[in-house]
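In what follows, a structure is listed as structure tokens, so that the remarks can point back to it.
The values are calculated or read from the model by the stated rules, or taken from the named source; none is laboratory data. Owing to the predicted nature of the structure, the values given are computational and were not obtained by experimental measurement. With ideal geometry, Cβ positions are generated from the backbone for all residues, glycine too; neighbour counts draw on all protein chains shown.
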Amino acid sequence: MTWCFRLFILISFTFILVNSGRIKRQGGGGGGGGGGGGGGGGGGGGGGTSGYGGSLSGGVIAGIVVGVVLLTLLVGCYLLLSCLDLTPCQKGRPLRSSRSYINGGTAWEYDISNSIFIPATFASYYYQYGMNHGPFNMNLGFYPEAGYTVHGGGNDDVGTYIITGIYSPRTLRMSLKKHYQTGTGNPQENLGHKVKIQVEWNHYNQQFEGKYYVRTRLHKDENIFIIRYEGTAY
């Protein structure tokens, strides 16, 4: 869940509390008048107390109802903007953290990680600006003894980069981060920025498939990213 969605929920619950308190205060004033009228007799006093309790509970219920309606509207607007790809606070940012992503997949029945996570030169492909880019050489090394970390680097049509990340031999997922080196490659595209990549192994296509996420001062983007073994192990 993104911080925008959490903000929507916080606003909604704040509205519920404020609205409930406002209506309770209005109900309390009415209850006080009833109590004053009950001074003439015990029966009247009892009626005043009942009126106060009824307006109090009614105020709470009304506040909750209004708050729930507002929350529903906010959630609906959020989902609509997400579908229209117009949510600026989310675009270019993965929905899940690196650790959550690699551990959140389905565990494979058989351990085939040793035949997949091998130090080698891979080929990377990505989709941007309405066209495919690649293949580009990407060198990756896998280190299970260091907490299943990934280190490597490569070049593409943006520039030269180093790459770090983590992977899971259980779910066959990787979460990587490319850090472009300033002054290399295309000066219009290379801002020395970082690109996040989340991919998982597709056994049928024999490649890692997923998405890249990038946020710079120029644009925010996310799209298809593929890593395929086409080189030589080292």
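Tabulated data for the structure shown
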| item | result |
| --- | --- |
| Only listed residue being more than 16 Å from Q207 (Cα to Cα) and either assigned by TED's automatic domain parsing to the domain that holds E222 or modelled with pLDDT of 85 or more (or both), chosen from T171, T184, T72 | T184 |
| Test: N186 is under 23 Å from the mean Cα position of the chain (by Cα), surrounded by fewer than 17 Cβ atoms within 10 Å (Cβ to Cβ) and not small (G, A, S) | no |
| For G130: the one exception among (1) at pLDDT 85 or above; (2) under 27 Å from the mean Cα position of the chain (by Cα); (3) surrounded by 15 or more Cβ atoms within 10 Å (Cβ to Cβ); (4) on the phi > 0 side of the Ramachandran plot | (3) |
| Conditions (1) within 24 Å of the chain's Cα centre (by Cα); (2) under 20 Å from L191 (Cβ atoms); (3) surrounded by 15 or more Cβ atoms within 10 Å (Cβ to Cβ); number of the one not met by G159 | (1) |
| Segments classed as strands (runs of 3 or more DSSP E), wholly inside the stretch 121-217, with at least 1 members that are out of contact with any strand residue (DSSP E or B) (no Cβ under 9 Å at 6 or more places or on another chain) and touching a residue at least 40 places away in the same chain (Cβ under 8 Å) | none |
| Test result for I197, surrounded by fewer than 16 Cβ atoms within 10 Å (Cβ to Cβ) and within 21 Å of the chain's Cα centre (by Cα) | no |
